[in-house]
Structures are given as structure tokens and as C-alpha cells.
1. In whole percent, what relative contact order does region 35-246 give with Cα contacts below 8 Å and a gap of six or more residues?
2. Give me Rg/Rg_expected for region 35-246, where Rg uses Cα atoms only and Rg_expected = 2.2 N^0.38 Å with N residues.
3. Label ARG37 and VAL168 with points 7 Å out from Cα along Cα→Cβ: what is the distance between them in nm?
4. Could you tally the net charge around TRP247, taking each other residue with its Cβ under 9 Å from the Cβ of TRP247, Lys/Arg +1 and Asp/Glu -1?
5. Compute the signed sum of charges (Lys and Arg +1, Asp and Glu -1) over the other residues within less than 15 Å, Cβ to Cβ, of VAL177.
6. What accessible surface, in Å², does a 1.4 Å probe find on THR189, ignoring ligands, DNA and RNA and rounding to the nearest 10?
7. Take each of the peptides 222-231, 153-162, average the number of other beta-carbon atoms within 10 Å over its residues, and list them starting from the highest.
8. What full-extension length gain, to one decimal in nm, is calculated for ASP61 and ASP215 as 0.36 nm per residue of separation minus the Cα-Cα distance?
Amino acid sequence: MNRRQLIAAAAAVLLIVANGAVWYARRQPERTPPNTRQVLRKQIVDSWEDLSAVPLADAPDALRQTISTEGRLEQGRNAAGFGRSVAHRPLTSHEQVDLIDAITGAVTAIGAADPDTLVAYMRDRGLKSASDSSKAISDIEPHCAGVVAGATQVYLWKPRSLREVSMVQMGRNESWVWGNERIYLPSFTGNPIFEQVSRTNPALLADVRVLIEHDDGLGRIRSPYFFRFWYAEDSKQWRPLALKIVWTGNQEPPSVMY
């Protein structure tokens with residue numbers, strides 16, 4: 001066999017091998033890269049499953065005890081992801097107690113799905129209804145059954161300007177992982193409002209994550225609720241500013257009154 005024949009034979013063998021490799025590859029199941037969101041969802045949900053839930057009626061005491069625990073209140077630069085926060089003094093005893101009352105009251109009011117309860121809560125926070133508080137709530141079904149207090153986190157931060165305050169900051173990671181969120185702004189108003197106070201010297205903010213366990217109607221799904229409060233120096237109290245629910249279930253998310 002001369003050199004030309006050897007080269008032709010080798011080329012034929014390579015062609016056969018290549019065709020065989022292509023045929024084999026096509027016969028194999030398609031391999032897709034892992035879905036990052038799905039991986040993170042499982043990791044987060046698994047971490048939640050290790051935490052116990054308390055009934056909604058017991059939520060205020062459970063949240064109060066959890067938030068008072070050292071390490072639950074992250075301040076200033078430790079509040080990673082919440083803008084370029086500036087240093088500020090630690091909370092006074094009154095400010096911390098009032099913040100906890102604001103958080104527990106908000107959770108109770110939402111779970112109650114009762115306009116009178118919500119109006120009373122907002123009134124205690126220095127706000128009054130901007131609409132008819134007696135409207136029907138037949139379409140309001142929060143399905144809140146309990147609170148997973150161990151997943152609670154409070155971030156305290158002070159923005160340099162109003163331009164650094166965004167709804168994106170609330171539950172940013174969870175919003176990306178699940179991609180299903182609802183944002184509620186309180187249907188109540190006060191005087192002054194956050195924007196008026198913060199034009200020259202932004203007010204102190206508290207972004208709070210509360211993990212809610214829903215009832216059997218929603219399959220006991222656990223989803224994080226993110227509350228934002230601002231501190232009104234004139235009245236020495238924390239006032240509700242926004243609520244974001246990141247829904248982790250496959251069915252329609254609950255509706256709330258806020």
C-alpha cells in the first residue's frame with residue numbers, strides 16, 4: 001500500500017469514528033446546565049424547613065423575643081445591599097421597642113384582614129386613611145396562618161439621599177430567585193410624609209423580613225414579607241412605608257390589605 005492509499009485509509013477511519021461519535025452523542029440524553037434559580041430556591045426552602053412556625057396569635061411574642069436577640073438588628077454598613085448607608089447612632093431602648101411594636105402590629109393587621117384592625121394600627125402609627133376604610137374586603141384573603149420567627153431579620157440604614165431609596169432593595173435576593181413579587185404602599189397618609197422629611201436629611205429606615213406560613217388553602221407555603229418603616233423624629237415613632245411580598249408558591253399569591 002503506497003503513501004496515498006495509507007492517507008486515504010486513515011481519513012476513512014477518522015470519518016467512520018467521527019460519524020460514530022456524532023451518532024453516540026445524539027443517542028445520549030441532553031445535558032442542560034443546572035438552573036441557578038431552582039438550585040437557590042431549594043437551598044433557601046430547605047433552610048426554612050428547619051425552622052418552626054408559631055400560630056399567628058402567638059406571632060407578636062415570638063417576633064419580639066427573636067428581634068430582641070443579639071444579631072437580629074443589623075446596622076449601618078453591616079446592612080449589606082441597602083444602599084451606601086451612613087453611620088448612625090444605635091437605637092435607643094424606646095426606638096427599638098417601638099420598632100418591634102410596629103413590626104408585630106403590621107403582621108397582626110395583615111393577618112386579620114379586617115379594616116378596623118388595620119385602621120387602628122395605622123392610627124397608632126400616626127397615619128389616617130386616605131380612602132374609605134369601610135370598603136368590602138371579600139376579595140382580601142391573606143391566608144396567613146403563622147410566622148417563622150427564626151427567619152426574621154431587621155436591617156437599619158440611613159440613605160445619603162432619596163435617590164438611594166428603592167423598592168428593589170427590599171428582598172432583592174428573594175425577588176430574583178422567585179421572580180414573583182407584589183408591592184403594597186399604605187393606603188394611609190400622615191403629616192409630614194417620608195419624602196418631605198427626607199429632602200435634606202433622609203430619615204432612618206428599617207427593612208424587615210418576616211417569613212409567613214400560609215394556611216392549608218395555599219398548601220402551607222412559606223413566603224417572605226418585607227416591610228419598610230421610617231423613623232419620624234417629631235413623633236418619635238416608626239411609620240409604615242411599604243410592603244413587598246415575594247411569593248414562593250405556584251398558585252395565585254394571597255391578597256392583603258395594607
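The values are calculated or read from the model by the stated rules, or taken from the named source; none is laboratory data. All of these numbers come straight from a predicted model, not from anything done at the bench. Glycine gets a Cβ as well: all are built from the backbone with ideal geometry, and neighbour counts include every protein chain shown. In case anyone asks, the SASA skips ligands and DNA or RNA and just uses the protein heavy atoms, side chains included. Shrake-Rupley method; radii C 1.70, N 1.55, O 1.52, S 1.80 Å.
1. Values: 359 pairs, mean separation 53.6, N = 212.
For region 35-246, the relative contact order is 25 percent.
2. That works out to 1.00 for region 35-246.
3. The answer from the label model is 1.7 nm.
4. Here the count lands on -1.
5. Its environment carries a net charge of +4.
6. 50 Å²
7. Working: 222-231: 23.4, 153-162: 19.6.
The peptides rank, most packed first, as 222-231, 153-162.
8. 53.4 nm
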